[in-house]
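Provided herewith is a single structure, encoded as structure tokens, for subsequent inquiry.
The values are calculated or read from the model by the stated rules, or taken from the named source; none is laboratory data. Treat the numbers as computed from the prediction; the structure is a model and nothing was measured. Cβ sites come from the backbone with ideal geometry, for glycine too, and all protein chains shown count toward neighbours. What goes into the accessible areas is simple: the full protein's heavy atoms, side chains included, and nothing from ligands, DNA or RNA. Shrake-Rupley method; radii C 1.70, N 1.55, O 1.52, S 1.80 Å.
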Amino acid sequence: MAQVLAVIHSRPKDALKNAITAMNCGCDGVFFISHGDMTPAELLYLSDSDVFTNPQGVNLLGFSVVDAMNMAGSRASMLWSDYTPSGLERETLEAEKHDMSFRGLFFGGVAFKYQPQPSDLRKAAEDVRGFVDVLTTSGVGTGYAPEVEKLAVLAEGFGNKIAVASGVTPENVAPMLPYLSHILVSTGISKDFYTIDPEKCKHLVDVVKSSS
């Protein structure tokens, strides 16, 4: 069964409240992500909260994966990046990873929105095998779901189920589920950019659980 992870667009006054709402609706975990309203230290304080036991992760926008992992340390059980390192950054991360205190799941973006797109989806997925824990992809933009055919090719190349991080709703999720290990969702369960809608959130969770 795919896990539903609520993406919390975080600001100090209501990030934790939204996370608790998502958990109460049955989400399997949350990702805290900041668009400038909170510092990495503030996000990591949230991700290390003992208010709930479900997995808590961060997306530290604007930082390299190496820097994000070093900052996250043991304070986050998941780290999500819109891209997967290549070249020198990948070499650096592979050399340093064993000495880092981060031991959580790395969700690495492949064919992700607003990033350079690979010409060969299958090869791009094969290239990150053994390097990322969860290949994470998206549609063409925020609120747009990826084509099911894209998910199928990426999952086949990766050799495992993958995650999707845009455009998922209760109405469109069923055909995607055979290829998904995780669903990272914000727009489809929200009233607005910063506020989780309990009714929408529970509806998506119920559909995913009943379809699996």
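Can you run down the residue pairs with Cβ atoms below 6 Å, 6 or more apart or on separate chains, where the first is in the stretch 98-113 and under 19 Å from Leu61 (Cβ atoms) and the partner is of a type in the set (Phe, Trp, Tyr) and modelled with pLDDT of 95 or more?
Taking only residues 6 or more apart or on different chains, the pairs are Phe107/Trp80; Gly109/Tyr83.
A further question on this structure: For Leu88, state whether it is surrounded by 14 or more Cβ atoms within 10 Å (Cβ to Cβ), aliphatic (A, V, I, L, M) and within 29 Å of Arg129 (Cβ to Cβ). If you could, list the steps in order and put the result at the bottom.
Working: surrounded by 14 or more Cβ atoms within 10 Å (Cβ to Cβ): no; aliphatic (A, V, I, L, M): yes; within 29 Å of Arg129 (Cβ to Cβ): yes.
No, not satisfied.
For the list (1) under 17 Å from His182 (Cα atoms); (2) out of contact with any helix residue (DSSP H, G or I) (no Cβ under 7 Å at 6 or more places or on another chain); (3) among the β-branched types (Val, Ile, Thr), I need the number of the one condition that Val140 fails.
The number of the failed condition is (1).
Of all residues being touching a strand residue (DSSP E or B) at 6+ places or on another chain (Cβ under 9 Å) and surrounded by fewer than 19 Cβ atoms within 10 Å (Cβ to Cβ) in the stretch 196-212, which is farthest from Phe32 (Cα to Cα)? Just the residue, please.
Pass one, the stretch 196-212, residues touching a strand residue (DSSP E or B) at 6+ places or on another chain (Cβ under 9 Å): 196-197, 200-201, 204-205, 208-209.
If we keep only those that are surrounded by fewer than 19 Cβ atoms within 10 Å (Cβ to Cβ) as well, we get 197, 200, 209.
Numbers: Asp197: 16, Lys200: 19, Lys209: 23 Å.
If we take residues in the stretch 196-212 being touching a strand residue (DSSP E or B) at 6+ places or on another chain (Cβ under 9 Å) and surrounded by fewer than 19 Cβ atoms within 10 Å (Cβ to Cβ), then Lys209 is farthest from Phe32 (Cα to Cα).
Just the residues that are among the aromatic types (Phe, Trp, Tyr) and either at positive phi or touching a helix residue (DSSP H, G or I) at 6+ places or on another chain (Cβ under 6 Å) (or both), please, taken from the stretch 2-34. Please lay out each step first, then the result.
Initial filter on the stretch 2-34 (among the aromatic types (Phe, Trp, Tyr)): 31-32.
The answer is Phe32, and nothing else.
Determine, yes or no, whether Ser119 is farther than 24 Å from Lys161 by Cβ and either touching a Gly at 6+ places or on another chain (Cβ under 8 Å) or surrounded by fewer than 18 Cβ atoms within 10 Å (Cβ to Cβ) (or both). Can you show your working first?
On the way: farther than 24 Å from Lys161 by Cβ: no; either touching a Gly at 6+ places or on another chain (Cβ under 8 Å) or surrounded by fewer than 18 Cβ atoms within 10 Å (Cβ to Cβ) (or both): yes.
No: the conditions fail for Ser119.
Would the stretch 128-141 turn up any residue that is open to solvent by 70 Å² or more (accessible area, probe 1.4 Å) and of a type in the set (Ser, Thr, Tyr)?
no
Sticking with this structure for a sec: Which residues, taken from the stretch 18-39, are more than 17 Å from Gly104 (Cα to Cα) and either open to solvent by 30 Å² or more (accessible area, probe 1.4 Å) or assigned to a helix (DSSP H, G or I) (or both)?
Filtering the stretch 18-39 down to residues more than 17 Å from Gly104 (Cα to Cα) leaves 18-27, 34-39.
Across the stretch 18-39, the qualifying residues are Asn18, Ala19, Ile20, Thr21, Ala22, Met23, Asn24, His35, Gly36, Asp37, Thr39.
Which of the residues belonging to the stretch 202-212 are more than 19 Å from the chain's Cα centre (by Cα) and either of a type outside the set (Ser, Thr, Tyr) or assigned to a strand (DSSP E or B) (or both)? Working first, answer last.
So in the stretch 202-212, the residues more than 19 Å from the chain's Cα centre (by Cα) come out as 203, 206-207, 210-212.
Correct list: His203, Asp206, Val207.
Still on this structure, I have one more. So, Gly130, is that one out of contact with any Lys or Arg (no Cβ under 9 Å at 6 or more places or on another chain) and either among the basic types (Lys, Arg) or touching a residue at least 24 places away in the same chain (Cβ under 8 Å) (or both) or not? Show your work before the answer.
On the way: out of contact with any Lys or Arg (no Cβ under 9 Å at 6 or more places or on another chain): yes; either among the basic types (Lys, Arg) or touching a residue at least 24 places away in the same chain (Cβ under 8 Å) (or both): no.
No; evaluated as a whole, the condition is false for this residue.
Right, next: Just checking, does the stretch 86-95 include any residue being of a type in the set (Val, Ile, Thr) and closer than 23 Å to Met38 by Cβ? Reasoning before the result, please.
We begin by selecting, within the stretch 86-95, every residue of a type in the set (Val, Ile, Thr); these are 92.
Restricting the remaining residues to those that are closer than 23 Å to Met38 by Cβ gives none.
No, that holds for no residue.
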